[in-house]
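This report concerns only the one structure given below.
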Ligand code: SF4
């Protein structure tokens with residue numbers, strides 16, 4: 001379904017929500033939220049019926065089990081599946097717990113992350129933390145924040161010295177199992193096109209920019225973001241709405257999720 005079609009369906013869903021759930025909306029508005037708050041509450045009610053089943057948060061019995069998640073994380077950390085294609089060798093890096101409320105889905109570790117075993121332990125991470133309005137202690141508190149890249153190991157560089165894309169084997173082997181074992185997140189940040197393509201299956205726009213531009217369609221459950229790499233500084237200049245409109249919402253939403 002295209003973003004345009006999704007917006008139309010959302011409009012219908014929201015009309016139904018207003019008809020059938022006006023008491024809920026009135027109560028939430030009464031707590032003093034502004035435009036974003038209203039948009040947030042409407043989207044929270046309507047989006048679960050529209051996203052693909054595998055991308056929906058789990059409402060059935062959860063937790064699957066703290067020990068089941070820990071066993072799966074140990075299995076992933078021992079993975080050597082695509083070792084032959086990893087010039088620096090396997091070192092799966094992810095951060096998760098049974099209590100996290102916010103998830104960050106990124107692309108794949110870079111060299112510094114590979115060396116330190118800490119996701120976003122670089123200039124991109126500094127920029128992402130600034131976008132989110134959190135310090136390092138909060139960002140790396142895995143009891144509240146999970147970080148699950150599309151591939152868990154550094155894939156190496158291409159001929160131009162750019163990071164290679166995340167290895168596809170990784171998502172195929174682990175992603176469904178991992179997200180079945182993780183807790184239901186209140187908000188998931190989708191950093192970059194690979195994360196958006198997998199988690200918003202069939203609902204992305206023509207390209208990453210258009211998908212990020214349509215963030216109100218997905219919020220608050222999902223917030224699509226560009227990669228915070230310095231390589232995207234030109235993109236940020238060309239798209240001032242990102243800093244003016246999306247970032248204030250992102251900071252407010254992160255604050256709310258981590259406070260509750
Ligand atoms: S990238 Fe994923 S599939 Fe490949 S070795 Fe690392 S954890 Fe395993």
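The values are calculated or read from the model by the stated rules, or taken from the named source; none is laboratory data. From a predicted model like this one, the values you see are computed outputs, not experimental measurements. Counting neighbours? That spans all protein chains shown, and the Cβs are built from the backbone with ideal geometry, glycine included.
Identify the residue in the stretch 100-111 that is touching a helix residue (DSSP H, G or I) at 6+ places or on another chain (Cβ under 9 Å) and closer than 9 Å to residue 154 by Cα and, among all such residues, is modelled with the highest pLDDT.
Filtering first and then ranking leaves 108.
Regarding the stretch 188-202, can at least one residue be identified that is farther than 26 Å from residue 114 by Cα, outside any helix (DSSP H, G or I), in the same structural domain as residue 88 (by TED's automatic domain parsing) and touching a strand residue (DSSP E or B) at 6+ places or on another chain (Cβ under 8 Å)?
Looking for residues that are farther than 26 Å from residue 114 by Cα, outside any helix (DSSP H, G or I), in the same structural domain as residue 88 (by TED's automatic domain parsing) and touching a strand residue (DSSP E or B) at 6+ places or on another chain (Cβ under 8 Å), one finds at least one in the stretch 188-202, hence yes.
Go through 154, 185, 139, 179 for me and flag whichever is buried (at least 20 other Cβ atoms within 10 Å of the Cβ), within 27 Å of residue 246 (Cβ to Cβ), modelled with pLDDT of 95 or more and within 16 Å of the ligand (Cβ to nearest atom).
That would be 179, the only listed residue that is buried (at least 20 other Cβ atoms within 10 Å of the Cβ), within 27 Å of residue 246 (Cβ to Cβ), modelled with pLDDT of 95 or more and within 16 Å of the ligand (Cβ to nearest atom).
Only residues that are free of Cβ contacts under 8 Å to residues at least 24 places away in the same chain and not in a loop (DSSP other than H, G, I, E, B): list them for the stretch 127-156, please.
129, 130, 136, 137, 139
For the stretch 78-94, state whether one or more residues are surrounded by 15 or more Cβ atoms within 10 Å (Cβ to Cβ), more than 16 Å from the ligand (Cβ to nearest atom), over 19 Å from the mean Cα position of the chain (by Cα) and more than 23 Å from residue 208 (Cβ to Cβ).
no
Just need a number here: residues in the stretch 184-203 that are over 19 Å from residue 226 (Cα atoms) and in contact with a helix residue (DSSP H, G or I) (Cβ under 8 Å, 6 or more places away or on another chain).
1
Among the residues of the stretch 215-233, is there at least one that is within 19 Å of residue 119 (Cα to Cα), at pLDDT below 95 and part of a loop (DSSP other than H, G, I, E, B)?
Checked against the condition, which is being within 19 Å of residue 119 (Cα to Cα), at pLDDT below 95 and part of a loop (DSSP other than H, G, I, E, B), the stretch 215-233 yields at least one hit.
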